[in-house]
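Bear in mind these aren't lab numbers, they're just calculated from the coordinates by the rules spelled out. Everything numeric in this text was worked out from a predicted model, so none of it was measured. Quick reminder, even Gly has a Cβ in these numbers, built from the backbone with ideal geometry, and neighbours come from all protein chains shown.
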Amino acid sequence: MKLNGAQILINSLQSEGVEYIFGFPGGAVLHICDALEAQNDITNVLVRHEQGAAHAADGYARASGKPGVVLVTSGPGITNAVTGIATAHMDSIPMVVISGQVPSPLIGMDAFQEVDATGITRSCVKHNFLVRDINEIANTVKKAFHIATTGRPGPVVVDIPKDKTIEQITPKSYPEEVEMRSYKPTVKASNRQIKKTAELILNSKRPIIYSGGGCVIGNASNELREFTRMTGFPITQTLMGLGAYPGNDELSLGMLGMHGTYESNMAMYGADCVIAIGARFDDRITGSLDKFCPNAKFIHVDIDPSQISKNVVADIPIVGQVNQVLEVLNKELKDKKFQDISKWWSQINKWREMDSLAYKKKPGVIKPQTVIETLYEVTKGKAIVTSDVGQHQMWAAQYYMFDEPRRWINSGGLGTMGFGLPAAMGAKLAMPGKDVACITSEGSIQMMTQELSTMLQYSTPVKIINLNNGYLGMVRQWQEFFYENRYAMSYMDALPDFIKLAESYGHMGILVEKEADLKPAMLEAFKQKERTVFVDIKTDPTENVFPMIPAGGAHCDMLLAGRDEMVSKDETDLNAV
Amino acid sequence: MRHIISVLLENETGALSRVSGLFSQRGFNIESLTVAETSDSSLSRMTIFSTGNDRVIEQIVKQLNKLIEVVKVSDLTSQDHVERELMLVKVCPTNKDELEIKQLVDIFSCKIVDVTEKTYTIEISGKTKKINAFLNALNSAIIMEVSRTGVTGISRGKKAILK
Ligand SMILES: Cc1ncc(C[n+]2csc(CCOP(=O)(O)OP(=O)(O)O)c2C)c(N)n1
Ligand SMILES: [Mg+2]
């Protein structure tokens, strides 16, 4: 039987087991929309903005571990999606984006709604394709999913000219496997490196495990737990890694980096052995490279060889899938004798006593930290939490103790305001049985409020926890610290009434202006199983995120809450530890 | 340090822009880049002449390897290799320069490949140093235009990029 290119495309997506396509139509993809409508396996989610489609697919992917799929039209369709694609790229999220292109004969003619989609997306995708032959559609889709989901995952764009979706052929069956001589992502860590690693670990006296998003995306949570518990080493996790190891566990020091805990950063500074697992030494983690972990040897496990020795030279590089590497390493270390690190722990516990996440409540104001703590309490720490970008994101990361991977969904690499709401929608579709909360603030949420409409149409009940501080708070904080309180462009007058906004989209809104109303409001919101509830909480506009390492500072130079002075390196003689 | 990096990649449209885009995106240097099909028409071979310290070059090699269409990357500088560059230079000598040009062509053992009433086109190939030396030796006032291929190279002996 003859099929047109659009039908072949949809059949291919079905063969890949796709459940949802997040998309928005346009001239170049009308045949594809038509083919999508004619079947029932894949549900199309019609978003209100293509950036929302990409973020929703991204949230779906992060929550489920399966690739997210996006469909956009040519020209403005794909350019609108670029922010979402770049967001997924920076955080290594598997995603396949199908974009329509103008008909082949018009390519290069500045045709209506033509942009060079592969050119524009080239630097923010793992790979992209322009399909030139209808016979290549199925194979290209197969390759796209293969590339997006294997090795270090990432987004793949498949650009299809309209005429290729209209042409007809008798298709071959969908390829079962792909063979690409130029792409062999599976690598097994060398035994020699494992032995060397074990030796360094067994000899270290002040070790620290520094784990990142690779442990979440690479499904290495179990192996990481086993490794950490077997070694008894302290563990600190990056913003992207939270939840791979339970945040409440006594070996966990919390997050590290610019807004990491005092104990995490001090322990990094004092460590003699840093075991980096699926983390990439981002500048928000390392601060000044000159002063980064001055006494440490580095073990670096990552699936992407280009991450190793990019920012920090690894003493022992291990390229491999993190879960497999840890499994082998765990076997190697089993029943071995470790150094006595009790002195190291007592030092760390002293740092812990600084209680760097403590904050003072003020009568009459709601502290944003309290909001996150209340959310944690009300959801018993079991919700999937997405976030936007700003202070609220940092407070969410600091005060919601994630104890499972894939519960914390945020744009860490690109830091995209507007990510939270559509990502929550995608996460809810992926995990309909779970409570999903979107932690946001009045600045970020306004970048994507249109998706409230999509959320009604597709019944994705999400709880929006709006930490409404009336400011682009993170910007305001930097201006307070580094620009002598000149609050240029960080205050928004004329905010909408978020309750009415939510209601106008058919959702429920709850306004919280007093701390006493906070918990009841949240309980009420989560009781509403079928409804999206917008909880607009007026929080302290002056609160800042602490601890803070000013950009380019060292781990031992932290600003702590309630102190005017920088806490600089304490007097501890690490060699005595 | 100067490095000559050979890249074997799928002979597909867009592959070249991925490589050049990578260099500009990450701020890597390109002194020259040459590319053409190999004996296997499905593969292109690219030679990139770049400069950077060891860590930069390590990143360049790793980032190139990461490109999906790249089959093999090899840093020729770290092995025994042969390298060549070809230059065409068009000059318009006055009568008194003519003898000097013929002498230079002899000394540098290059060829005059085209002659018109007023101009000579000279072809020279060799190491970059030799080409630069030839260019310096020519009276710059008579040079009309220069076209260089950039460096290409190949390893010596039994080793080949795919073996
Ligand atoms: C799309 C985008 N534009 C600009 C920024 C820069 N930026 C980072 S945080 C921030 C302020 C966020 O304000 P808000 O959403 O109100 O969060 P708050 O800091 O108040 O919690 C801005 C503007 C960004 N991250 N993303
Ligand atoms: Mg705000």
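When the alpha-carbon atoms of the range A:423-523 are used, the pair Rg, Dmax equals 15.6, 48 angstrom.
With θ taken as phi - 60° and the Karplus curve 6.51 cos²θ - 1.76 cosθ + 1.60 applied, the whole-hertz 3J(HN,Hα) list for the range A:92-100 is 6, 9, x, 7, 10, 10, 9, 10, x Hz, x standing for glycine and proline.
Which shape class, rounded, prolate or oblate, goes with the range A:1-155 when its Cα gyration tensor gives a ≥ b ≥ c as root eigenvalues, a/c under 1.5 marks rounded, and past that a/b bigger than b/c marks prolate?
rounded
Reported value for the range A:320-467: 173 Å³ per residue, from the convex hull of its C-alpha atoms. Net charge around A:A28, counting only other residues with Cβ within less than 12 Å of its Cβ (Lys, Arg = +1; Asp, Glu = -1)? Every neighbour counted, the sum reads -1. Take A:556-563, A:104-111, A:379-386, A:158-165 and order them by the average number of nearby Cβ atoms within 10 Å per residue, most first; the result is A:158-165, A:379-386, A:556-563, A:104-111. Summary of packing: across the peptides A:21-27, A:206-212, the per-residue average of other C-beta atoms within 10 Å ranks them, highest first, as A:206-212, A:21-27. This ranking places A:W351, A:W344, A:W395 by how few other beta-carbon atoms lie within 10 Å of each, fewest first, which gives A:W351, A:W344, A:W395. The H on the amide N of A:L495, modeled in the peptide plane, is under 5 Å from the matching H of no residue at least 5 residues off or on a different chain. Take every pair of alpha-carbon atoms less than 8 Å apart whose residues are at least six positions apart; their mean separation over the length of chain A yields a relative contact order of 14 percent.
Each Cα pair under 8 Å and six or more residues apart adds its separation to the average, and for the range A:52-200 the resulting relative contact order is 24 percent.
A dipole drawn for the range A:75-180 from +1 and -1 charges on Cβ atoms has a positive end, and of A:V178, A:N139, A:S99 the residue lying farthest that way is A:V178. Charges on Cβ only, +1 for Lys and Arg, -1 for Asp and Glu, centred on the Cα centroid of chain A; of A:G108, A:N4, A:L467, which one is farthest towards the dipole's positive end? Selected residue: A:N4.
Since only B:Q79, B:V89, B:S20 are under comparison, the one whose Cα sits farthest along the positive direction of the charge dipole of the range B:16-115, derived from C-beta charges on Lys, Arg, Asp and Glu, is B:S20.
Summing Lys and Arg as +1 and Asp and Glu as -1 over all other residues whose Cβ lies under 14 Å from the Cβ of A:E530 gives a net charge of +3. Rounded to whole numbers, the Karplus 3J(HN,Hα) couplings from phi for the range A:537-554 are 10, 7, 9, 4, x, 9, 5, 10, 8, 10, x, 9, 9, x, 3, x, x, 9 Hz, using 6.51 cos²θ - 1.76 cosθ + 1.60 with θ = phi - 60°, and x at Gly and Pro. Computed over the range A:366-444, the alpha-carbon pair-distance distribution with 5 angstrom bins reads 3, 17, 29, 27, 18, 5, 0, each value a whole percent.
Pairs from the list A:K126/A:K162; A:K310/A:K350; A:K361/A:K519; A:K143/B:K72; A:K184/A:K382; A:K350/A:K538 with a Cα-Cα gap above 27 Å: A:K310/A:K350; A:K184/A:K382; A:K350/A:K538. The range A:142-283 gives an Rg/Rh value of 1.15, both radii derived from C-alpha positions and Rh following Kirkwood. Its Cα centre serving as origin, the protein assembly as shown has a Cβ charge dipole (Lys and Arg +1, Asp and Glu -1) of approximately 1720 debye. Taking other residues whose beta carbon is less than 13 angstrom from the beta carbon of A:V371, and scoring Lys, Arg as +1 and Asp, Glu as -1, yields -2.
Mind pulling the angle between the C-alpha long axis of helix B:15-25 and the longest principal axis of chain B? Nearest 10 degrees, somewhere in 0 to 90. Approximately 90 degrees, to the nearest ten.
With a/c under 1.5 counting as rounded, go ahead and sort chain A into rounded, prolate or oblate using the C-alpha gyration tensor (a ≥ b ≥ c being the square roots of the eigenvalues; past the cut-off, prolate if a/b is larger than b/c, else oblate). Oblate shape, in that a/c is at least 1.5 and b/c is the bigger or equal ratio. Does the range B:1-52 come out rounded, prolate or oblate by the C-alpha gyration tensor, with a ≥ b ≥ c the root eigenvalues, rounded set by a/c under 1.5 and, if not, prolate when a/b is larger than b/c and oblate if not? It is oblate, given that a/c is not under 1.5 and a/b is not larger than b/c. Note on the range A:116-174: Kirkwood radius taken over Cα pairs, Stokes-Einstein applied at 10 °C and 1.306 mPa s, translational D equal to 130 µm² s⁻¹. The mean number of partner chain beta-carbon atoms within 10 angstrom of a residue's beta-carbon across peptide B:57-68 is 4.
Along its three principal directions, the equivalent ellipsoid of chain B from the Cα gyration tensor extends over semi-axes of 35, 16, 16 Å, largest first.
Report summary: the helix-based calculation at 222 nm, which adds -39500 (n - 2.57) for every DSSP H run with n ≥ 4 and divides by the residues of chain A, gives -10500 deg cm²/dmol. Helix B:95-107 versus the longest principal axis of chain B: what is the Cα-based angle in degrees, 0 to 90, to the nearest 10? Approximately 40 degrees, to the nearest ten.
In percent, rounded to a whole number, the relative contact order of the range A:313-417 is 21, using alpha-carbon pairs under 8 Å and six or more apart.
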